[in-house]
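Peer 1: The structure under discussion is supplied below as structure tokens; questions concerning it will follow.
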Amino acid sequence: MPIDLAALAAPAHTAVLVMEMQRGVVGDLARFPDLVKVCAEREVTAGAVRAVTAARAAGIRVVHCTAAFRADRAGSHTGNSPFIRGLLRDPAHMLEGTGAIEVLPELYDPADLESRRYHGFSPFTGTSLDQTLRALGVRTVVALGVSLNLGVPGLCLEAVNLGYRVVVVTDAVAGMPAEYGDAVMANTVALLAARATSTDLAAAWRTA
């Protein structure tokens with residue numbers, strides 16, 4: 001049965017959540033070459049640009065969910081995950097105040113909001129994101145960004161647990177290796193969220 005995107009992601013009650021599309025993750029300062037390669041092959045940034053541009057044109061708020069560390073690591077759990085322990089072997093990784101934590105310039109607009117976190121892999125726990133969305137009257141979140149390994153599934157699961165409906169932009173997400181990302185979309189994300197391309201969302205928002 002086709003998804004009624006115009007109803008599911010009605011502009012008055014929708015926000016776009018952009019997950020970690022930052023210079024130090026997928027941009028010019030990135031230290032994840034495999035992820036950067038998959039994003040380039042899948043044209044993830046181009047899909048993300050289409051989605052956020054269409055959202056702004058429809059009056060939909062864009063929220064950048066970003067990650068950072070303080071130099072002293074205050075507020076961050078640094079030893080409870082093998083991945084984080086590996087990341088922080090580099091003392092300069094994603095430091096507050098550096099260009100690495102900036103949103104990709106092609107995705108940023110001064111009217112956008114930012115929700116920054118200093119720990120974990122998903123954007124709701126320990127941040128004010130949920131309160132911000134509820135204050136905006138949001139019922140549906142449209143998710144895009146990286147990665148399908150951790151951040152995007154975490155976003156979807158947390159959002160569903162909090163009562164939001166979720167749409168994932170299929171041409172604006174990626175994981176590594178690419179085939180694993182595809183499996184996550186088919187076997188995990190599909191159980192949590194509707195899926196749509198940036199082009200389909202743009203068309204729905206134009207006619208909403």
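The values are calculated or read from the model by the stated rules, or taken from the named source; none is laboratory data. Keep in mind that what you see is a predicted model, and the values were worked out from it rather than measured. Positions of Cβ are backbone-derived with ideal geometry, glycine not excepted, and every protein chain shown enters the neighbour counts. Surface areas here come from the heavy atoms of the whole protein model, side chains and all, with no ligands, DNA or RNA. Shrake-Rupley method; radii C 1.70, N 1.55, O 1.52, S 1.80 Å.
Peer 1: Let me confirm something: among Arg73, Arg89, which residue is basic (Lys, Arg), free of Cβ contacts under 8 Å to residues at least 12 places away in the same chain, over 23 Å from Pro153 (Cα atoms) and not in a strand (DSSP E or B)? Don't jump to the end; show me each part of the working.
Peer 2: Numbers: Arg73 fails: free of Cβ contacts under 8 Å to residues at least 12 places away in the same chain.
Sole residue among the options that is basic (Lys, Arg), free of Cβ contacts under 8 Å to residues at least 12 places away in the same chain, over 23 Å from Pro153 (Cα atoms) and not in a strand (DSSP E or B): Arg89.
Peer 1: Considering only residues that are over 17 Å from Val167 (Cα atoms), assigned to a helix (DSSP H, G or I) and hydrophobic (A, V, I, L, M, F, W, C), which ones fall in the stretch 31-58? Give the derivation first.
Peer 2: If we filter the stretch 31-58 for residues that are over 17 Å from Val167 (Cα atoms), which is where we start, we get 31-43, 45-46, 57.
Subsequent filtering for residues that are assigned to a helix (DSSP H, G or I) retains 33-42, 45-46, 57.
Of everything in the stretch 31-58, those that are over 17 Å from Val167 (Cα atoms), assigned to a helix (DSSP H, G or I) and hydrophobic (A, V, I, L, M, F, W, C) turn out to be Leu35, Val36, Val38, Cys39, Ala40, Ala46, Ala57.
Peer 1: If I go through the stretch 98-156 residue by residue, how many of them are part of a loop (DSSP other than H, G, I, E, B), of a type in the set (Gly, Ala, Ser), touching a residue at least 40 places away in the same chain (Cβ under 8 Å) and surrounded by 15 or more Cβ atoms within 10 Å (Cβ to Cβ)?
Peer 2: Just the residues of the stretch 98-156 that are part of a loop (DSSP other than H, G, I, E, B), to begin with: 98, 102, 104, 108-112, 118-128, 136-139, 147-150.
With the extra rule that they be of a type in the set (Gly, Ala, Ser), the set shrinks to 111, 120, 122, 126, 128, 137, 147.
Subsequent filtering for residues that are touching a residue at least 40 places away in the same chain (Cβ under 8 Å) retains 111, 120, 137, 147.
Retained after the next criterion (residues that are surrounded by 15 or more Cβ atoms within 10 Å (Cβ to Cβ)): 120, 147.
Result for the stretch 98-156: 2.
Peer 1: Follow-up question, since we're still on this one. Please identify the pairs in which a residue from the stretch 23-44 that is closer than 14 Å to Gly145 by Cα and in contact (Cβ under 8 Å) with a residue 24 or more places away in the chain has its Cβ atom under 8 Å from the Cβ atom of a residue that is open to solvent by 50 Å² or more (accessible area, probe 1.4 Å) and of a type in the set (Lys, Arg), counting only partners at least 6 apart or on another chain.
Peer 2: Listed by first residue and then by second, the contacts come to Gly24/Arg31.
Peer 1: Every residue in the stretch 1-28 that is crowded, with 24+ Cβ neighbours inside 10 Å, hydrophobic (A, V, I, L, M, F, W, C) and not in a strand (DSSP E or B), please.
Peer 2: Matches in the stretch 1-28: Ala9, Met21, Val25, Val26.
Peer 1: Please work out if Arg23 is within 18 Å of Leu201 (Cα to Cα), among the basic types (Lys, Arg) and touching a helix residue (DSSP H, G or I) at 6+ places or on another chain (Cβ under 6 Å).
Peer 2: Working: within 18 Å of Leu201 (Cα to Cα): no; among the basic types (Lys, Arg): yes; touching a helix residue (DSSP H, G or I) at 6+ places or on another chain (Cβ under 6 Å): yes.
For Arg23, the condition - within 18 Å of Leu201 (Cα to Cα), among the basic types (Lys, Arg) and touching a helix residue (DSSP H, G or I) at 6+ places or on another chain (Cβ under 6 Å) - is not met.
Peer 1: Here is a follow-up. Somewhere in the stretch 29-46, is a residue buried (at least 23 other Cβ atoms within 10 Å of the Cβ), of a type in the set (Asp, Glu) and within 15 Å of Ala172 (Cα to Cα)?
Peer 2: Within the stretch 29-46, none of the residues are buried (at least 23 other Cβ atoms within 10 Å of the Cβ), of a type in the set (Asp, Glu) and within 15 Å of Ala172 (Cα to Cα).
Peer 1: Within the stretch 160-169, is even one residue of a type in the set (A, V, I, L, M, F, W, C) and more than 17 Å from Thr14 (Cβ to Cβ)? Full working, then the answer.
Peer 2: Just the residues of the stretch 160-169 that are of a type in the set (A, V, I, L, M, F, W, C), to begin with: 160, 162, 166-169.
If we keep only those that are more than 17 Å from Thr14 (Cβ to Cβ) as well, we get none.
Scanning the stretch 160-169, I find no residue that is of a type in the set (A, V, I, L, M, F, W, C) and more than 17 Å from Thr14 (Cβ to Cβ), so the answer is no.
Peer 1: Going by the structure shown, is Asp171 open to solvent by 10 Å² or more (accessible area, probe 1.4 Å), in a strand (DSSP E or B) and not hydroxyl-bearing (Ser, Thr, Tyr)?
Peer 2: Details: open to solvent by 10 Å² or more (accessible area, probe 1.4 Å): yes; in a strand (DSSP E or B): yes; not hydroxyl-bearing (Ser, Thr, Tyr): yes.
Spelling it out, Asp171 is indeed open to solvent by 10 Å² or more (accessible area, probe 1.4 Å), in a strand (DSSP E or B) and not hydroxyl-bearing (Ser, Thr, Tyr).
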